[in-house]
Amino acid sequence: MREILLFLRRNTLAVVGLVILLLLVGFIAIGPLVTSYSPTKLDILHKLAAPSLDHWLGTDAFGRDVLTRIMYGGRATLAIGLGVVVLAFAVGVSFGTVAGFAGGWIDSLIMRIVDAILAFPALVLAIALSAAFGPSLQNAMLAVAITLAPQFARVARSQALSISVKPYVEAASSLGLPAHRILISYVFVNGLGPLLVQSTLALGSAILQTASLGFLGLGAQPPLPEWGADVSANLQYVRSAAWVALAPGMAILLAVLSFNLIGDSLADWFNPRRRSEID
Amino acid sequence: MASFIIRRLIALIPVMFIVLVIVFSLVRIIPGDPATTLLGPGATQQQIDALRAQLNLNEPVVLQFYHYVVGLFMGDFGYSLKTGQPVAAEILARLPATIELSVLAMIAAIIVGIPIGVLSATRPNSFFDHVTRVVSLLGVSMPAFLLALVLQLVFANYLGWLPVSGRFSPYMPVETMTGFAILDGLLTHNFQGALGAVQHLILPTAVLAAFLAATLGRFVRNTMLDVMGEDFIRTAKAKGLRRHDIVLNHGLRNSLLPAVTIIGLKFAEMLGGAILTETIFAWPGIGRYMFEAIKNRDYPVIQGTTLVFALLFVLTSILVDVLYSVLDPRVRRKMG
């Protein structure tokens, strides 16, 4: 706890990131309870209304309140980001830790697959996979998780490599502990720090990528509110009613920025060379 | 040097094999019978049978893969389901537009990113350093389509300085020779046309370059701070060298090496961003071609463009390694 407070005191940008994130989470958690509008109900009479006291961010081409759609879309977007990272973490870390701990042909095989996935630009692979799986939110999440998992695998592997030669791991194995217990209780637990930094940064990429897939029509399908899809759905009205497309776009920017601010500061904090500079 | 490149290429074989397996699988993981899904609900049994034969779907999977790979080596990327044209030819026709855009974006990012990184590193924790840190984090967090939208609204719609989208001005078409618009304009003495091409390039280049410039600036700042703490910098200071000599000749030179790697990696990542940028700016490159293929469920084109993006990515990484070994002989000795 003291470590966390010290980190926040020394990192103004991380605090800014945390504040933006908390505001966003509060907004999408409480907002839908307060608003009297539905995110999906059509109201053609009031379509493309400019921002006013009734509709703070105006309405879209179907007369739906833009602010309300951003609140509900935020729930989807943050849940997607979190789901993608949990999935990528689980798959990437399992394979990476096993590769680093086992070595030999298992390591070679896993790392060649990792290299092959990394040989695609992440967005291209995510697009190709979700096009093949068929356009839906679940498939977009799966596709983005597949492209993010190798990064976790790489970090986990290098952690496992350096930890598995530590004296306490040797001690544990000479005590006769089974391999799976050493793997989980020693190698995985002691390598968590850098993986958590990676997770924070990956949350930003996960949101950005799923929003991009949504923008290209490969993520959430209408009328489900999702920020990326909402930008592209309103693109054609941008010249007369800029707010309908810009508002969800700004929401994506804020969410990704908040995670990057926190992740960037955490990365500095865990890097001894950088840390002396902060002190 | 030659043996270094050959070793590097041999190391690539297993990776490229898995890349081919992934691209090959793209059509096979479609739920249901691929041929029926590809052709849509209105297809006759005859059409389905013809496509099954064309994709070798009646053979065992291993044989299908073999035919696919042999075809690729002969330049056969399959045929577009929409136009019926060979995918390889359609990609080749669009490649210059994508290369023109991404190379220009890379140059722009280097021109902007490196000086910012150097200036930040010479004044760590100054106001300037903090501002560039926030701006570069903004650049990395900005969805490409949002930046594109804002730039289009401001520079095309509001100020009217630049065209909203497209590659040429409709009144000043450029005759195609090499496929590179500016070059073609100059070669055919169509200077108005070349100027129009430049104007059309500015906004998409800016969008594509923003991400790379932001990453690069931050990266150069961090490596330079590390380098400036090294012993040889202290020696240089003790020798009484001037400050800008130390920064440029000792600090920057040694920070540029790792920057080469990051430029290469991020350039390849930027190619992925080209899909969004080209789509928004109606830029006729392979990114937009891939987007249209997704809309039309034109799987051979999706496969072909995915493979080309991966090839460009892998080629860039080899180029980076070679360049790195040219710049830093230590790497060559260690790896070769």
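The values are calculated or read from the model by the stated rules, or taken from the named source; none is laboratory data. Remember, it's a predicted structure, so these values are computed and weren't measured experimentally. Counting neighbours? That spans all protein chains shown, and the Cβs are built from the backbone with ideal geometry, glycine included. Remember, those area values only see protein heavy atoms, side chains included, never the ligands or the DNA or RNA. Shrake-Rupley method; radii C 1.70, N 1.55, O 1.52, S 1.80 Å.
Determine by what factor the alpha-carbon radius of gyration of region B:197-240 differs from 2.2 N^0.38 Å, reporting the quotient. Don't skip to the answer; put the middle values down first.
Values: Rg = 17.8 Å, N = 44, 2.2 N^0.38 = 9.3 Å.
Relative to the 2.2 N^0.38 Å estimate, region B:197-240 comes out at 1.92.
Using the Cα atoms as the points, what is the convex hull volume per residue of chain A in Å³? Write out the running numbers ahead of the final one.
Details: hull volume 45.4 nm³, N = 279.
Taking the convex hull of the Cα positions in chain A, it is 163 Å³ per residue.
Classify region B:244-336 from the C-alpha gyration tensor, please: rounded if a/c falls under 1.5, else prolate or oblate depending on whether a/b exceeds b/c.
Values: a/c = 5.76, a/b = 2.16, b/c = 2.67.
Taking the square roots of the gyration eigenvalues as a ≥ b ≥ c, region B:244-336 is oblate.
Using Cα pairs under 8 angstrom and six or more residues apart, how large is the relative contact order of region B:91-335, in percent? List each step's numbers first, then the result.
Values: 293 pairs, mean separation 67.0, N = 245.
Worked out over region B:91-335, it gives 27 percent.
Can you list the lysines whose alpha carbon is less than 30 Å from that of A:LYS47, not counting same-chain residues fewer than 8 positions off?
Here the lysines satisfying the reach criterion relative to A:LYS47 are B:LYS295.
Could you size up the charge dipole of chain B around its Cα centre, putting +1 on the beta carbon of Lys and Arg and -1 on that of Asp and Glu, and report it in debye to the nearest 20? Mind dumping the intermediate values first?
Details: 25 positive and 19 negative charges, 276 e Å.
Dipole of chain B, to the nearest 20 debye: 1320 debye.
If you average 1/r across every pair of different Cα atoms in chain B and take the reciprocal, what Kirkwood value do you get, in Å? Could the numbers behind the result be given before it?
Numbers: mean 1/r = 0.0437 Å⁻¹.
Taking every pair of different Cα atoms in chain B, averaging 1/r and inverting gives 22.9 Å.
Dividing the alpha-carbon radius of gyration of region A:6-154 by 2.2 N^0.38 Å (N being the number of residues), what value is obtained? Show your work: numbers first, answer last.
Numbers: Rg = 21.0 Å, N = 149, 2.2 N^0.38 = 14.7 Å.
Against the compact-globule rule of thumb, the ratio is 1.43.
Per DSSP helix of 4 or more residues, -39500 (n - 2.57); summed, then divided by the residues of chain A. What does that give at 222 nm, rounded to the nearest 500? Mind showing how you got there, number by number?
Working: 12 runs with 201 residues, N = 279.
Counting only the DSSP helices, I get -24000 deg cm²/dmol.
If you build a Gaussian network model of chain B, linking Cα atoms that sit under 10 Å apart, which residue out of B:VAL220, B:VAL112, B:VAL70 swings the most?
B:VAL70
Net charge within 12 Å of A:ILE110 by Cβ-Cβ distance, Lys/Arg positive one each and Asp/Glu negative one each, not counting A:ILE110 itself?
Values: positive: A:ARG112, A:ARG154, A:ARG157; negative: A:ASP107, A:ASP115.
Every neighbour counted, the sum reads +1.
Ignoring ligands, DNA and RNA, please state the percent of accessible area on chain B from carbon and sulfur, probe 1.4 Å. Write out the running numbers ahead of the final one.
Numbers: 10990 of 16360 Å².
Using a 1.4 Å probe with all protein chains present, chain B comes out at 67 percent carbon and sulfur.
Buried accessible area for the B:A pair, summed, 1.4 Å probe, in Å² rounded to 100? All intermediate terms of the calculation are to be shown ahead of the outcome.
Values: alone 18430 and 14540 Å², together 28800 Å².
Its buried surface, counting both partners, is about 4200 Å².
Which one of B:GLY75, B:GLY42, B:ALA53 has its Cα pushed farthest toward the positive end of the charge dipole of region B:1-115, where Lys and Arg give +1 and Asp and Glu give -1 at the Cβ?
B:GLY75
Counting every Cα pair in region A:114-158, what percent are over 17 Å apart? All intermediate terms of the calculation are to be shown ahead of the outcome.
On the way: 301 of 990 pairs.
That fraction is 30 percent.
Compute, for chain A, the length of the dipole vector about the Cα centre, with Cβ point charges of +1 (Lys, Arg) and -1 (Asp, Glu) only. Units Debye, rounded to 20. Write down the numbers at each step before the final one.
Working: 17 positive and 14 negative charges, 60 e Å.
It comes to approximately 280 debye.
Partner chain Cβ atoms within 10 Å, averaged over the residues of A:206-218 - can you pull that number for me? Before the final figure, lay out the partial values.
Working: counts 0, 2, 5, 2, 0, 3, 7, 0, 0, 7, 8, 3, 3.
Average per residue, whole number: 3.
For q = 0.09 Å⁻¹, what log10 I(q)/I(0) does region B:1-124 give under the Debye formula with an equal point scatterer on each alpha carbon and no solvent?
Log10 of I(q)/I(0), two decimals: -0.48.
Taking region A:1-93 on its own, what percent of its Cα-Cα pair distances exceed 17 Å?
Roughly 64 percent, rounded to a whole number.
Kirkwood hydrodynamic radius for region B:2-73: how many Å is it when counted over pairs of different Cα atoms? Spell out each step's value before the answer.
On the way: mean 1/r = 0.0705 Å⁻¹.
It is 14.2 Å.
Once Rh is set to the Kirkwood radius over Cα pairs, what Stokes-Einstein translational diffusion coefficient, in µm²/s, holds for region A:133-279 at a temperature of 20 °C and a viscosity of 1.002 mPa s? Mind showing how you got there, number by number?
Working: Rh = 18.1 Å.
Diffusion coefficient, whole number: 118 µm²/s.
Can you classify the protein assembly as shown as rounded, prolate or oblate using the Cα gyration tensor, where a ≥ b ≥ c are the square roots of its eigenvalues, rounded means a/c under 1.5, and otherwise it's prolate if a/b beats b/c and oblate if not?
On the way: a/c = 1.23, a/b = 1.14, b/c = 1.08.
Rounded.
On a 1.4 Å probe surface of the protein chains, which of B:TRP161, A:TRP105 comes out largest in accessible area, and what is the full order?
Result, largest first: A:TRP105, B:TRP161.
Using a 1.4 Å probe on protein heavy atoms, which residues of region A:13-53 have at least 10 Å² less accessible area in the complex than alone?
Hits at the 10 Å² cut-off: A:LEU13.
Once the Cβ-Cβ distance between B:LEU187 and B:ASN249 is put in as r, and R0 is 45 Å, what FRET efficiency do you end up with, to the nearest 0.05?
For R0 = 45 Å, the calculated efficiency reads 0.70.
Could you give the length gained by full extension between B:ILE107 and B:LYS295, i.e. 0.36 nm per residue of separation minus their alpha carbon distance, to one decimal place? Working shown, then result.
Working: separation 188, 0.36 × 188 = 67.68 nm, distance 3.19 nm.
Difference between extended and current length: 64.5 nm.
Rounded to the nearest 500, what is the 222 nm mean residue ellipticity of chain B from helices alone, with -39500 (n - 2.57) per DSSP H run of 4+ residues and division by all residues?
Values: 14 runs with 242 residues, N = 336.
Taken over chain B, the calculation gives -24000 deg cm²/dmol.
Using a Gaussian network model of chain A with C-alpha springs under 10 Å, which one of A:ILE70, A:ILE80, A:ILE182 is most mobile by mean-square fluctuation?
A:ILE182
Helices from chain A with mean Kyte-Doolittle at least -0.5 and a Cα length along the axis of 18 Å or more, per DSSP H: which? Intermediate results must be reported in sequence, preceding the final value.
Numbers: long enough: A:12-34 (32 Å, 2.78); A:66-102 (52 Å, 1.59); A:104-118 (21 Å, 1.33); A:137-163 (38 Å, 0.85); A:192-215 (33 Å, 1.25); A:243-270 (40 Å, 1.44).
Helix filter hits for chain A: A:12-34, A:66-102, A:104-118, A:137-163, A:192-215, A:243-270.
For labels at A:SER185 and A:TYR168 in the simple 7 Å Cα→Cβ model, what's the distance in nm?
1.2
For chain B, report the accessible area per residue in Å² (1.4 Å probe, heavy atoms, rounded to an integer). Show your work: numbers first, answer last.
Details: 16360 Å² over 336 residues.
It amounts to 49 Å² per residue over chain B.
At 1.4 Å probe size, with no ligands or nucleic acids counted, give the accessible surface of B:MET106 in Å², nearest ten.
Counting only protein heavy atoms, B:MET106 exposes about 50 Å² to solvent.
According to the square roots a ≥ b ≥ c of the eigenvalues of the Cα gyration tensor, what is the shape class of region B:64-219, taking rounded for a/c under 1.5, prolate for a/b larger than b/c otherwise, and oblate for the remainder?
Values: a/c = 2.31, a/b = 1.47, b/c = 1.57.
Oblate, because a/c is 1.5 or more while a/b does not exceed b/c.
Kindly tabulate the residues in region A:108-128 with an accessible-area decrease of at least 40 Å² between the chain alone and the assembly of all protein chains, using a probe of 1.4 Å.
A:ARG112, A:ALA116, A:ALA119, A:PHE120, A:PRO121, A:LEU123, A:VAL124, A:ILE127, A:ALA128
Taking 25 Å as R0, compute the FRET efficiency from the Cβ-Cβ separation of B:ARG123 and B:ARG234 and round it to 0.05. Please list the in-between numbers first.
Details: r = 19 Å, r/R0 = 0.76.
Efficiency computed from Cβ-Cβ geometry: 0.85.
In region A:1-153, carbon and sulfur make up what percent of the accessible area (probe 1.4 Å)?
Working: 5230 of 7220 Å².
Carbon-and-sulfur percentage of accessible area, whole number: 72.
Based on the alpha-carbon set only, what is the convex hull volume of region A:150-204 divided per residue, in Å³?
Dividing the Cα hull volume of region A:150-204 by its residue count gives 67 Å³.
Working out 0.36 nm times the residue gap between B:LEU95 and B:ASP328, then minus their Cα-Cα distance, what length gain in nm do you get to one decimal?
Numbers: separation 233, 0.36 × 233 = 83.88 nm, distance 3.19 nm.
Net length gain for the segment: 80.7 nm.
Between A:ALA14, A:GLY96, A:MET141, whose Cα lies farthest towards the positive end of the dipole of chain A when Lys and Arg beta carbons carry +1 and Asp and Glu beta carbons carry -1, centred on the Cα centre?
A:GLY96
Within the set of other residues whose C-beta is less than 15 Å from the C-beta of B:LEU57, count the net charge using Lys and Arg as +1 and Asp and Glu as -1. Before the final figure, lay out each step's value.
Working: positive: B:ARG28, B:ARG52; negative: B:ASP33, B:ASP49, B:GLU59.
Combined, the nearby Lys, Arg, Asp and Glu give -1.
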